[in-house]
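This is the structure I have questions about; it appears just below.
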Amino acid sequence: MSRKYTTILGIESSCDDTSAAILCGNKIMANCVATQQIHQKYGGVVPELASRAHQEQIVPIIKEALSDAKIELKDIDAIAFTRGPGLMGSLVVGVSFAKALSLAIKKPLVDVNHMKAHVLAHFIETEGTKPPGFPFLCLTVSGGHTQIVEVQSSDIMTIIGKTIDDAAGEAFDKAAKMIGIDYPGGPELDKIAEEGNPEKFSFAKPRIKDLDFSFSGLKTSILYKIRDLSKQDSDFAQKNKADLCASIRKSIVDILIEKLLKASKDTGIKTLAIAGGVSANRELRRRLRMLEKEGYEVYIPKFEYCTDNAAMVAIAGKFAFERGEFAAQNVSADPRLKW
Ligand code: KG4
Ligand code: ZN
């Protein structure tokens, strides 16, 4: 491998995905993700089980990434890891491993904010695409967060809108559960929705001012509709699964797009991006693409960089490395890490 470029090992362990990636320059040489299946039968992430699974998977996943990238530990210039936000027990595994590895191979440590990393995933070099120019707006939508970020540079980002209750991913997962789809239901609901009629059912729309979001009213509205219609036919949800999925998906995506457009109007920024697990949603991606015809510049990440992954941690780490920002050996995981 060419030594012209900075090589970063990225480590992600904030929730229920253990991931390691190798970045060389702005190119990803390996991005390995071990998704924990254990949580499915409990209907949500069980923190204790997540940290145990991270401990089991962290060494194999790093070995796999090094092997995929065809490099050795000595070729790495720095180790970037997710410091937070996330689950304490999960974060601790990645943070402790990164610190121990840094001592062993005598390479610097770079701490990364998971939510900033989701935004910076847009700067991973991908064939046929270019990164967004600054400033841009990034709708960052995951299982734990829903926010509109005004991105001035790789370091200066301001949250200009956020959810006041559930996150968009949480809304997808909870709605999916109501129609009998296993956790995490978001991706499956999205798949089933492709076959359904999005106009079949309508739900209460939130009335939240400014750029903030709310999904709890929508959740209640979905619950009541399913409950009421199931009184006449106990098989209602099963029989109308595709139409329910399509209608729920449309309602959530409508809320997201409406606020993103308001943010664009308020700030005058017409370069729009999406990031985080929910940016894998097909309808959200289509609706964003449609905005190109209206004069917006649109950036949508590759599927593998939407949900949690270490490639985004590595690119965020590279920016910090170039700014000369390193973590000390006494750095600790921070589940509520602020911007
Ligand atoms: O960013 P992420 O992988 O983890 C967090 O940091 O939370 O996001 C996970 C969330 C889950 O709620 C999952 O259901 C949702 O993203 N998600 C989707 C889709 N793919 C993942 N939601 C809707 N449609 C999808 N295709
Ligand atoms: Zn995430």
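The values are calculated or read from the model by the stated rules, or taken from the named source; none is laboratory data. Predicted model, so just to flag it, every value in this text is computed and none were measured. Cβ placement follows ideal geometry from the backbone for every residue including glycine, while neighbour counts extend to all protein chains displayed. Just so you know, the surface numbers come from the protein's heavy atoms only, side chains and all, with ligands and any DNA or RNA stripped out. Shrake-Rupley method; radii C 1.70, N 1.55, O 1.52, S 1.80 Å.
Check segment 136-145 and report whether any residue there is away from ligand 2 (no atom under 12 Å from the Cβ) and open to solvent by 10 Å² or more (accessible area, probe 1.4 Å).
no
For Lys174, all conditions in the list (1) more than 10 Å from ligand 1 (Cβ to nearest atom); (2) closer than 15 Å to Ile255 by Cβ; (3) open to solvent by 30 Å² or more (accessible area, probe 1.4 Å) hold save one; what is the number of the exception?
(1)
While we're on this one: Out of the residues in segment 1-31 meeting the condition of being touching a helix residue (DSSP H, G or I) at 6+ places or on another chain (Cβ under 8 Å) and within 13 Å of ligand 1 (Cβ to nearest atom), tell me which one is most open to solvent (accessible area, probe 1.4 Å).
Cys15
Continuing with the same structure: Out of everything in segment 117-132 that is open to solvent by 40 Å² or more (accessible area, probe 1.4 Å) and at pLDDT 95 or above, what residue ends up being nearest to ligand 1 (Cβ to nearest atom)?
Pro131
With surrounded by fewer than 16 Cβ atoms within 10 Å (Cβ to Cβ), over 30 Å from Cys24 (Cα atoms) and modelled with pLDDT of 95 or more as the only criterion, which of Glu283, Glu258 stands out?
Just a single option satisfies the conditions, and that option is Glu258.
Suppose we keep only residues that are closer than 30 Å to Ile38 by Cβ and open to solvent by less than 10 Å² (accessible area, probe 1.4 Å) within segment 148-170. Which one would you say is farthest from ligand 2 (Cβ to nearest atom)?
Ala168
Checking Ala34 against (1) open to solvent by less than 10 Å² (accessible area, probe 1.4 Å); (2) assigned to a strand (DSSP E or B); (3) among the small types (Gly, Ala, Ser), which single condition isn't satisfied?
So the condition that Ala34 fails would be (1).
Out of Lys205, Lys209, report the one residue that is surrounded by fewer than 17 Cβ atoms within 10 Å (Cβ to Cβ) and within 24 Å of Ser279 (Cβ to Cβ).
Just one listed residue meets the conditions, Lys205.
Here is a further query. In segment 215-228, is there at least one residue being more than 15 Å from ligand 1 (Cβ to nearest atom) and touching a helix residue (DSSP H, G or I) at 6+ places or on another chain (Cβ under 7 Å)?
For segment 215-228, residues more than 15 Å from ligand 1 (Cβ to nearest atom) and touching a helix residue (DSSP H, G or I) at 6+ places or on another chain (Cβ under 7 Å): present.
Show the residue pairs that are 6+ apart or on different chains and have beta-carbon atoms under 6 Å apart, the first residue being within segment 68-87 and under 14 Å from Ala20 (Cα atoms), the second being surrounded by fewer than 21 Cβ atoms within 10 Å (Cβ to Cβ) and modelled with pLDDT under 95.
Correct list of pairs: Ile71/Met1.
Here's a follow-up. Only one of Ile192, Ile255 is under 17 Å from Arg282 (Cα atoms) and touching a Pro at 6+ places or on another chain (Cβ under 7 Å). Can you tell me which?
The conditions single out Ile255.
Here are some residues: Ser102, Ser90. Which one is over 27 Å from His145 (Cα atoms), hydroxyl-bearing (Ser, Thr, Tyr), open to solvent by less than 30 Å² (accessible area, probe 1.4 Å) and in contact with a strand residue (DSSP E or B) (Cβ under 9 Å, 6 or more places away or on another chain)?
Every option except Ser102 fails the conditions.
Can I ask one more? Please determine, by comparing only the residues of segment 288-307 that are surrounded by fewer than 18 Cβ atoms within 10 Å (Cβ to Cβ) and part of a helix (DSSP H, G or I), which one is nearest to ligand 1 (Cβ to nearest atom).
Phe303
Being in contact with a Phe, Trp or Tyr (Cβ under 8 Å, 6 or more places away or on another chain) and of a type in the set (A, V, I, L, M) is the filter here, so list the residues in segment 63-112 that pass it.
Selection gives Ala78, Ala80, Val95, Ala98, Leu109, Val110, Val112.
Let me ask something additional. Please tell me if Lys191 is in contact with a strand residue (DSSP E or B) (Cβ under 9 Å, 6 or more places away or on another chain) and open to solvent by 10 Å² or more (accessible area, probe 1.4 Å).
No, not satisfied.
Would you say Ala328 is closer than 23 Å to Val110 by Cα, within 22 Å of the chain's Cα centre (by Cα) and not basic (Lys, Arg)?
Spelling it out, it is not the case that Ala328 is closer than 23 Å to Val110 by Cα, within 22 Å of the chain's Cα centre (by Cα) and not basic (Lys, Arg).
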